[in-house]
Amino acid sequence: MPRQTFRSTFTRILCGILWVLIAVVAIGLLAVHAAAVSPALVIVGALGCAALVYGILWSPSITVDDDGVRVDNIALAYDVPWAALIHVDTRYALQLHTPGRRIGVTAAPAPGATGSLRAARAHRRSEGTTAPGTRPGELPTTDSGRAAALVRDRWYALRDAGRVEAGIAETVPVGVRPRVDNLLLLAAGAVGVVLAIVLG
(Lines give C-alpha, C1' and ligand atoms only; values in the text may rest on other atoms or scores of the structure.)
Protein backbone atom coordinates (compact mmCIF):
# COMPACT_ATOMS: atom_id res chain seq x y z
CA MET A 1 0.00 0.00 0.00
CA PRO A 2 1.26 3.52 -0.71
CA ARG A 3 2.69 5.83 1.93
CA GLN A 4 0.14 8.42 3.08
CA THR A 5 0.85 11.68 4.91
CA PHE A 6 -1.68 13.75 6.84
CA ARG A 7 -1.49 17.44 7.79
CA SER A 8 -4.24 19.39 9.49
CA THR A 9 -6.56 21.16 7.05
CA PHE A 10 -6.89 24.12 9.40
CA THR A 11 -3.14 24.63 9.72
CA ARG A 12 -2.63 24.31 5.96
CA ILE A 13 -5.18 27.07 5.39
CA LEU A 14 -3.72 29.15 8.22
CA CYS A 15 -0.21 28.76 6.75
CA GLY A 16 -1.39 30.00 3.38
CA ILE A 17 -3.10 33.03 4.92
CA LEU A 18 -0.07 33.89 7.08
CA TRP A 19 2.38 33.50 4.19
CA VAL A 20 0.26 35.81 2.05
CA LEU A 21 0.07 38.37 4.88
CA ILE A 22 3.85 38.20 5.40
CA ALA A 23 4.43 38.73 1.68
CA VAL A 24 1.96 41.64 1.49
CA VAL A 25 3.53 43.40 4.48
CA ALA A 26 7.06 42.85 3.14
CA ILE A 27 6.15 44.09 -0.35
CA GLY A 28 4.35 47.07 1.20
CA LEU A 29 7.40 48.00 3.28
CA LEU A 30 9.71 47.59 0.28
CA ALA A 31 7.43 49.64 -1.97
CA VAL A 32 7.15 52.63 0.36
CA HIS A 33 10.11 54.86 -0.41
CA ALA A 34 9.67 56.87 2.78
CA ALA A 35 10.09 53.79 4.97
CA ALA A 36 13.19 54.10 7.11
CA VAL A 37 13.65 50.35 7.13
CA SER A 38 16.50 48.70 5.26
CA PRO A 39 15.26 46.45 2.44
CA ALA A 40 17.63 43.70 3.62
CA LEU A 41 16.07 43.80 7.11
CA VAL A 42 12.56 43.62 5.63
CA ILE A 43 13.53 40.55 3.63
CA VAL A 44 15.29 38.93 6.60
CA GLY A 45 12.29 39.61 8.85
CA ALA A 46 9.82 38.27 6.28
CA LEU A 47 11.86 35.11 5.69
CA GLY A 48 12.18 34.64 9.45
CA CYS A 49 8.41 34.91 9.92
CA ALA A 50 7.78 32.54 7.01
CA ALA A 51 10.25 30.03 8.50
CA LEU A 52 8.51 30.18 11.90
CA VAL A 53 5.12 29.57 10.26
CA TYR A 54 6.55 26.60 8.36
CA GLY A 55 8.28 25.08 11.39
CA ILE A 56 5.36 25.49 13.79
CA LEU A 57 2.30 25.01 11.60
CA TRP A 58 3.27 23.23 8.36
CA SER A 59 5.97 20.75 9.41
CA PRO A 60 3.95 18.64 11.90
CA SER A 61 2.56 15.60 10.11
CA ILE A 62 1.70 11.94 10.50
CA THR A 63 2.72 9.39 7.87
CA VAL A 64 1.63 5.77 7.58
CA ASP A 65 3.19 3.05 5.48
CA ASP A 66 3.49 -0.73 5.70
CA ASP A 67 6.26 -0.50 8.31
CA GLY A 68 4.46 1.72 10.82
CA VAL A 69 3.52 5.26 11.73
CA ARG A 70 5.87 8.21 11.64
CA VAL A 71 4.85 11.19 13.78
CA ASP A 72 6.63 14.46 13.08
CA ASN A 73 5.86 16.91 15.86
CA ILE A 74 7.57 20.29 16.14
CA ALA A 75 10.58 19.15 18.18
CA LEU A 76 10.50 15.34 18.12
CA ALA A 77 9.90 12.60 15.55
CA TYR A 78 8.57 9.16 16.48
CA ASP A 79 8.74 5.96 14.47
CA VAL A 80 6.07 3.56 15.74
CA PRO A 81 6.15 0.06 14.22
CA TRP A 82 2.70 -1.48 13.82
CA ALA A 83 3.60 -4.28 16.24
CA ALA A 84 4.27 -1.69 18.99
CA LEU A 85 0.91 0.07 18.62
CA ILE A 86 -1.75 -0.97 21.11
CA HIS A 87 -4.40 1.80 20.94
CA VAL A 88 -5.38 4.89 18.94
CA ASP A 89 -7.19 7.61 20.90
CA THR A 90 -8.67 11.03 20.08
CA ARG A 91 -9.60 12.35 23.50
CA TYR A 92 -7.70 15.67 23.33
CA ALA A 93 -5.82 15.15 20.08
CA LEU A 94 -4.80 12.06 18.17
CA GLN A 95 -2.68 9.93 20.49
CA LEU A 96 -0.89 6.70 19.67
CA HIS A 97 -0.50 4.37 22.65
CA THR A 98 2.40 1.97 22.95
CA PRO A 99 3.48 0.10 26.10
CA GLY A 100 4.54 2.77 28.57
CA ARG A 101 4.11 5.72 26.22
CA ARG A 102 1.43 7.99 24.76
CA ILE A 103 2.50 9.89 21.67
CA GLY A 104 0.51 13.04 20.98
CA VAL A 105 0.19 14.00 17.32
CA THR A 106 0.49 17.76 16.84
CA ALA A 107 -0.80 17.50 13.25
CA ALA A 108 -4.17 16.10 14.36
CA PRO A 109 -5.70 18.22 17.14
CA ALA A 110 -9.17 17.49 18.46
CA PRO A 111 -11.71 20.16 17.53
CA GLY A 112 -12.69 22.93 19.93
CA ALA A 113 -16.27 23.49 21.08
CA THR A 114 -17.37 25.36 17.95
CA GLY A 115 -15.54 22.95 15.66
CA SER A 116 -17.17 20.01 17.45
CA LEU A 117 -20.64 21.42 16.89
CA ARG A 118 -19.95 22.13 13.22
CA ALA A 119 -18.39 18.69 12.68
CA ALA A 120 -21.32 16.94 14.39
CA ARG A 121 -23.83 18.86 12.25
CA ALA A 122 -21.92 18.11 9.05
CA HIS A 123 -21.62 14.44 10.00
CA ARG A 124 -25.36 14.15 10.70
CA ARG A 125 -26.16 15.78 7.35
CA SER A 126 -23.85 13.47 5.41
CA GLU A 127 -24.17 10.10 7.14
CA GLY A 128 -27.03 10.18 9.61
CA THR A 129 -26.75 9.68 13.33
CA THR A 130 -23.58 9.11 15.28
CA ALA A 131 -23.20 6.26 17.75
CA PRO A 132 -23.86 7.34 21.34
CA GLY A 133 -20.70 8.32 23.20
CA THR A 134 -18.74 9.14 20.05
CA ARG A 135 -16.18 11.82 20.86
CA PRO A 136 -16.09 14.90 18.64
CA GLY A 137 -12.47 14.06 17.81
CA GLU A 138 -13.61 10.72 16.31
CA LEU A 139 -15.89 12.32 13.74
CA PRO A 140 -14.57 11.86 10.20
CA THR A 141 -15.15 15.56 9.47
CA THR A 142 -12.47 16.58 12.01
CA ASP A 143 -8.70 16.54 11.61
CA SER A 144 -8.20 14.13 14.49
CA GLY A 145 -10.95 11.85 13.16
CA ARG A 146 -9.47 11.75 9.65
CA ALA A 147 -5.96 11.09 10.97
CA ALA A 148 -7.21 8.40 13.36
CA ALA A 149 -9.08 6.71 10.50
CA LEU A 150 -5.93 6.83 8.36
CA VAL A 151 -3.92 5.07 11.09
CA ARG A 152 -6.62 2.56 12.03
CA ASP A 153 -7.48 1.62 8.46
CA ARG A 154 -3.85 0.77 7.64
CA TRP A 155 -3.26 -0.93 11.00
CA TYR A 156 -6.37 -3.12 10.69
CA ALA A 157 -5.69 -3.98 7.04
CA LEU A 158 -2.15 -5.12 7.82
CA ARG A 159 -3.28 -6.98 10.94
CA ASP A 160 -6.05 -8.78 9.04
CA ALA A 161 -3.55 -9.72 6.32
CA GLY A 162 -1.32 -11.30 8.99
CA ARG A 163 1.47 -8.76 8.53
CA VAL A 164 1.40 -7.41 12.13
CA GLU A 165 2.63 -9.80 14.78
CA ALA A 166 0.40 -9.73 17.86
CA GLY A 167 1.52 -9.91 21.47
CA ILE A 168 5.02 -8.48 21.07
CA ALA A 169 4.33 -4.78 21.66
CA GLU A 170 6.36 -4.79 24.90
CA THR A 171 9.48 -5.90 23.05
CA VAL A 172 9.23 -3.67 19.95
CA PRO A 173 11.21 -0.43 20.28
CA VAL A 174 9.69 2.92 19.31
CA GLY A 175 12.16 5.29 17.67
CA VAL A 176 12.37 8.81 19.11
CA ARG A 177 14.71 11.49 17.86
CA PRO A 178 14.90 15.28 17.81
CA ARG A 179 13.90 17.00 14.60
CA VAL A 180 17.17 18.86 14.27
CA ASP A 181 16.33 20.28 10.84
CA ASN A 182 13.07 21.80 12.09
CA LEU A 183 14.66 23.09 15.30
CA LEU A 184 17.44 24.78 13.30
CA LEU A 185 14.85 26.30 10.96
CA LEU A 186 12.90 27.67 13.94
CA ALA A 187 16.08 29.08 15.50
CA ALA A 188 17.07 30.74 12.22
CA GLY A 189 13.57 32.16 11.81
CA ALA A 190 13.57 33.56 15.33
CA VAL A 191 17.01 35.13 14.80
CA GLY A 192 15.81 36.72 11.56
CA VAL A 193 12.74 38.22 13.21
CA VAL A 194 14.74 39.50 16.21
CA LEU A 195 17.39 41.05 13.95
CA ALA A 196 14.74 42.78 11.84
CA ILE A 197 13.08 44.20 14.96
CA VAL A 198 16.24 45.23 16.83
CA LEU A 199 18.13 46.68 13.86
CA GLY A 200 15.05 48.09 12.15
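The values are calculated or read from the model by the stated rules, or taken from the named source; none is laboratory data. Please read all numbers here as calculations on a predicted model, not as lab measurements. The protein model used for the area step is the full one, side chains on, heavy atoms only, and it has no ligands, DNA or RNA in it. Shrake-Rupley method; radii C 1.70, N 1.55, O 1.52, S 1.80 Å.
Apply the Karplus curve 6.51 cos²θ - 1.76 cosθ + 1.60, θ = phi - 60°, to the phi angles in segment 147-163 and return the couplings in whole Hz, x for Gly and Pro.
5, 4, 5, 4, 5, 5, 4, 5, 4, 5, 5, 5, 4, 5, 7, x, 9
Can you pull the accessible area of ARG152 for me, 1.4 Å probe, Å² to the nearest 10?
Accessible area of ARG152: about 40 Å².
If you plug each phi of segment 79-91 into the Karplus form 6.51 cos²θ - 1.76 cosθ + 1.60 with θ = phi - 60°, what whole-Hz ³J(HN,Hα) values come out, in order, with x for Gly and Pro?
10, 10, x, 4, 5, 8, 7, 10, 6, 10, 10, 10, 4
Could you work out the Kirkwood radius for segment 1-96, taking every pair of different alpha carbons, averaging 1/r and inverting it, reported in Å?
Values: mean 1/r = 0.0623 Å⁻¹.
Value: 16.0 Å, from the Cα pair sum.
What is the set of long-range amide H partners of ALA107 at a cut-off below 5 Å, with H atoms built 1.01 Å from backbone N?
Close amide H contacts, sequence-distant or interchain: SER61.
For segment 63-76, what does the Karplus curve 6.51 cos²θ - 1.76 cosθ + 1.60, with θ = phi - 60°, yield as ³J(HN,Hα) per residue in whole Hz, taken in order and with x for Gly and Pro?
Working through the residues one at a time gives 10, 10, 8, 6, 8, x, 10, 10, 10, 9, 8, 5, 9, 10 Hz.
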